[in-house]
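The values are calculated or read from the model by the stated rules, or taken from the named source; none is laboratory data. The structure displayed is predicted, hence computed values, not measured ones. A quick note on method: Cβ atoms are made from the backbone with ideal geometry, for glycine too, and the neighbour counts reach across all protein chains shown. These accessible areas exclude ligands, DNA and RNA; they are computed on the full protein's heavy atoms, side chains included. Shrake-Rupley method; radii C 1.70, N 1.55, O 1.52, S 1.80 Å.
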Amino acid sequence: MLLLMSSGILQAQDADKGLPNTAPIISKPSRDFVMLQFGYNSWLNKPDSVHLKSFGYTFGGFLCYDFPINTSHFSFATGLGVKVNVVYLDQQLLLLSDTSAKGYQARFVPDTVGYKRDKFVTTYLSAPFELRYFSNNKNRNKGFKAAAGLQIGTLLGAGEKGVHSVGGTVVKNKIDTKRFITSWDFAATARIGYGNMALYGSYNLTPVFKSNYGPAVTPFSVGITLTGL
């Protein structure tokens with residue numbers, strides 16, 4: 001039994017039942033430092049002369065820092081990472097050679113060789129800028145979360161990679177050039193999910209190719225985002 005003095009009156013209370021729980025609240029305020037994105041990637045506004053296979057993919061890996069907005073359920077985050085976009089051509093080749101008669105422009109031509117696989121890859125150093133909402137401000141690894149923002153990237157590399165067979169021998173062709181590709185990548189992004197997993201969408205505000213250097217196609221992607229730490 002524990003004796004308590006309140007306003008000069010002795011009161012008896014059970015020590016195990018009468019005292020308030022003063023143990024600290026354990027929280028895991030995940031700041032979503034690591035953000036990984038995996039998704040389907042393709043082009044909008046394709047002219048009839050451009051044929052893509054149904055499967056294309058994108059991957060993004062980012063290290064972010066989160067700035068809580070006071071004690072609200074919102075925060076602002078930014079960071080840095082790498083984003084890779086891949087599309088596969090369907091019975092076509094993308095000519096990026098600078099030495100051809102029409103070397104001033106990226107051209108899509110029919111595949112007369114019979115390539116097993118021909119893909120076009122772009123890689124960007126990218127920085128996300130996001131306004132984030134999280135319903136659980138004690139443990140962001142649980143609860144509803146959403147974010148919207150912009151990814152700004154600068155082109156690290158671009159090129160075409162093809163595989164075909166010559167006399168039974170597998171031949172791989174690779175052409176890397178940034179001459180025809182837009183140097184800066186701006187994409188509007190949004191995601192919504194629960195805990196560490198979310199669905200995301202991305203729509204580019206800039207075309208793949210520079211003006212007059214190729215068709216004015218616009219990339220977009222949808223997929224999943226994994227966040228944590």
With each label point set 7 Å from Cα along the Cα-Cβ vector, what nm distance links TYR203 and ASP176? 3.4 nm
Once you sort the root eigenvalues of the Cα gyration tensor of the stretch 112-157 as a ≥ b ≥ c, which label holds: rounded (a/c under 1.5), prolate (a/b larger than b/c) or oblate (the other case)? prolate
Length added when fully stretched, LEU63-ALA146, from 0.36 nm per residue minus Cα-Cα: 28.1 nm
Return the carbon/sulfur percentage of the accessible area of the stretch 113-218, one whole number, probe 1.4 Å, all protein chains in place. 60 percent
Would you mind checking which residues have amide H under 5 Å from LYS210's amide H? H placed 1.01 Å from N; only 5 or more apart, or other chain. ILE181, THR182
When a/c is below 1.5 the answer is rounded, else prolate if a/b is larger than b/c, else oblate, so apply that to the stretch 141-196 with a ≥ b ≥ c taken from the square roots of the Cα gyration tensor eigenvalues. oblate
Given the protein chains as shown and a 1.4 Å probe, how many square angstrom of ILE175 are accessible, to the nearest 10? 70 Å²
Here, PHE76 and TYR40, labelled 7 Å along Cα→Cβ, have an inter-label distance in nm of 3.5 nm
Residues of the stretch 147-195: accessible area per residue with a 1.4 Å probe, Å²: 50 Å²
Stretch LEU156-GLN105 to full length: gain in nm at 0.36 nm per residue minus the Cα-Cα span? 16.4 nm
What is the extension gain from LEU226 to PHE55, computed as 0.36 nm multiplied by their sequence separation minus the C-alpha to C-alpha distance, in nm to one decimal? 59.4 nm
